[in-house]
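What follows draws every value from the coordinates through simple rules; no lab data is involved. None of the values given here were measured: they were computed from a predicted structure. FYI the Cβ positions are ideal-geometry reconstructions off the backbone, even for glycines, and counts take in every protein chain you see.
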Amino acid sequence: MKTRPKADRLPLTPVIAGIQMRNFFATCIVAASVFRIGAIDYIFNNFTNTANLALNGNAVVTNTADGFVIRLVTSEGWETGSVFSTLPVQVSSFSANFKFRITNSGGGSDGIDSGADGLAFIIQAVSTNALGSYGGYLGYAGIPAGITNSIDIEFDTWYNPEFHDPDSNHLGINTNGVADHGVGSPYTVHVDPRFDDGNLWFAWVDYDGTNVQVSANELGVRPQSPNLIRPLNATNLIGNTNAFVGFSSGTGDGWENVDVLSFEYHDNAIAANLPVLQVSSISTNSITISWPISAIGFTLQENSYLPTTNWIDVTNTINVIGDQDQVNIPTTSGNRFYRLKR
Ligand SMILES: [Ca+2]
Ligand SMILES: [Ca+2]
């Protein structure tokens, strides 16, 4: 049973502010986050300090049993909230992770369950104050056109058939502030249990320049295989190599407290597609160590005793064989360990 008003009958008119993005790469840093020239790591273990973040709409900082959290929306109907970095981050590749907890879910039912509407992880170049509409628009879509130039990753807890939601609890990778997944979209996936079961959830979002990968679970251990993958060109989509990163949410006929507990954003894909060293024996008196030539910026190092930090650069000649860098090393007695360091 569809209980939500259609989009054209939604009574609110939130707007997306038009503040121009600036280049902040030469500005300063505050205690809650880590900032380095040329690249930005946002690291919030909690939200006691929200410097470098803009809270919009119904979003507030509140003290809970989890400590200070960003509460994007509360368990009331028809709210919309967002939080975004005030310092633009680079989007050519990145690794992000965050924790969230959704409590007090209630209100109407989408025919499957109550509680709405979940949250979204957003990367966008519109404004640090960007805010979409409530309900199934999840704070990133809707009136007038959603957060254009954006990547919108849904943790969706309400079945909106008008948006081609696959079910009442799914991940979705959307773009350009459009909540409609389209018919039979391959970029949604059902998740069990429900995101709004009151438990602590962990999420990982990585982009290696080719694919966005999303994982979420209650274990706190990043799975080997992501829940959902979507190929896209982030720089083209966003229209910029820099963007604001954050979260949004909405409530409607159903509602819930949507809390973000922690957040990390590293604007390098540090956890995805790390190069792997391979060792092979080519003769009785030498070995070959190889790694992908795509591992730009890495240096091969060696150590004879792992517990020490006495890693030294390997100075043997590097040969390029096909798509591999290769180093031949004479065998010696004793242990020898190798790593790639960037
Ligand atoms: Ca939905
Ligand atoms: Ca959805």
Open item on the list: Just to be sure I follow: if Rg is taken over the C-alpha atoms of segment 182-336 and Rh is the Kirkwood radius over the same atoms, what is Rg/Rh?
Closed with: 1.10
Task: Residue order, fewest to most beta carbons within 10 Å, for TYR338, TYR305, TYR159 - done: TYR305, TYR338, TYR159
Task: Highest to lowest packing among 189-195, 106-112, scored as the average C-beta count within 10 Å - done: 106-112, 189-195
TODO: With a ≥ b ≥ c taken as the square roots of the eigenvalues of the C-alpha gyration tensor of segment 41-267, please select rounded if a/c is under 1.5 and otherwise prolate if a/b is larger than b/c or oblate if it is not?
DONE: rounded
Task: For ALA216, net neighbour charge (Lys/Arg +1, Asp/Glu -1) across residues whose Cβ lies under 13 Å away - done: -3
TODO: Would you please classify the overall shape of segment 278-324 from the alpha carbon gyration tensor, given that a ≥ b ≥ c denote the square roots of the eigenvalues, rounded means a/c under 1.5, and beyond that prolate means a/b larger than b/c while oblate covers the rest?
DONE: oblate
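Can you figure out the FRET efficiency of ASN217 with ILE321, using R₀ = 45 Å and their beta-carbon distance, to the nearest 0.05?
Details: r = 40 Å, r/R0 = 0.88.
Plugging the Cβ-Cβ distance into 1/(1 + (r/R0)^6) gives 0.70.
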Task: Label-point separation, ILE43 to ILE282 (7 Å along Cα→Cβ), nm - done: 4.0
